[in-house]
1. Could you list all residues from the range 112-139 that are more than 15 Å from Lys175 (Cβ to Cβ), in contact (Cβ under 8 Å) with a residue 12 or more places away in the chain and surrounded by 12 or more Cβ atoms within 10 Å (Cβ to Cβ)?
2. Would you check which residues across the range 83-106 are surrounded by fewer than 18 Cβ atoms within 10 Å (Cβ to Cβ) and modelled with pLDDT under 95 and list them?
3. Looking for something at pLDDT 90 or above and crowded, with 18+ Cβ neighbours inside 10 Å - is there at least one such residue anywhere in the range 37-44?
4. Return the residues of the range 124-147 that are closer than 19 Å to Ser27 by Cβ and β-branched (Val, Ile, Thr); say none if nothing qualifies.
5. Identify the residue in the range 59-75 that is among the hydroxyl-bearing types (Ser, Thr, Tyr) and open to solvent by less than 10 Å² (accessible area, probe 1.4 Å) and, among all such residues, is modelled with the lowest pLDDT.
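The values are calculated or read from the model by the stated rules, or taken from the named source; none is laboratory data. Computed from a predicted model, the values in this text were never measured in an experiment. Here the Cβ is made from the backbone with ideal geometry for all residues, glycine too, and neighbour counts use every protein chain on show. The accessibility values were calculated without ligands, DNA or RNA, using every heavy atom of the protein model including side chains. Shrake-Rupley method; radii C 1.70, N 1.55, O 1.52, S 1.80 Å.
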Amino acid sequence: MSKPDSNKKFSQFKLVLLGESAVGKSSIVHRFVKNSFDDLRESTIGAAFLTQSITIPESQTTIKFEIWDTAGQERYKSLAPMYYRNSHAAIVVYDITKSSSLQRAKDWIEELRKNSSNDGIIIALVGNKLDMQEEREVDKADVKEYANEQNLLSFECSAKSGEGVHDIFEAIARKLSDRIAVQDVPETRRIDLNRNAAVTNNSCC
């Protein structure tokens, strides 16, 4: 029986998805976790909880994401801080075919920066529905400029086709892996998987 490789590392991190309703937050998560897409996915009520891991070969580090997929409807907005509290990373989603959704995403980013308990939270701004390129309303150059100003990761993807989805989570995992290499994650930042999750629905847009 071979001995386990002592150089391999494993860490778990809390990741939250934010954005207005119908931008495709849950579709992105389900594409990443289950490699599936459902055109008829219903809106999330409260939040849904999923997990998935990525291994970074160069550092021999496995990153386990504990993913909180939040509801985008305004009536659930007051619950959001409960889900993004203590998050190590956030994916803020907008719809490239709906310019108003980008402004809402910017509002979420501002709220995260003001209220997150983690000053070093990694934020990725993600434009979904790349498969509907002909209906684009959001200028890609404007998003890139904003992301650079705000020190954000920036991506576009299609949850429907799967294009670009894995790249988002891999980029976040690599950033987290780099931080592990600098210093260990404090125990106080780790998430208790045995706690009861207040999840009412596992589906969304």
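1. Residues satisfying the conditions are Leu112, Ser116, Gly127, Asn128, Lys129, Leu130, Asp131, Met132, Arg136, Glu137, Val138.
2. Arg85, Asn86
3. Taking the range 37-44 as the starting set, the residues that turn out to be at pLDDT 90 or above are 37.
Keeping just the survivors that are crowded, with 18+ Cβ neighbours inside 10 Å gives none.
No: zero hits.
4. Passing the criteria: Val126, Val138.
5. Within the range 59-75, the subset among the hydroxyl-bearing types (Ser, Thr, Tyr) is 59, 61-62, 70.
Those left that are additionally open to solvent by less than 10 Å² (accessible area, probe 1.4 Å): 61, 70.
On the way: Thr61: 94, Thr70: 86.
Top of the filtered list is Thr70.
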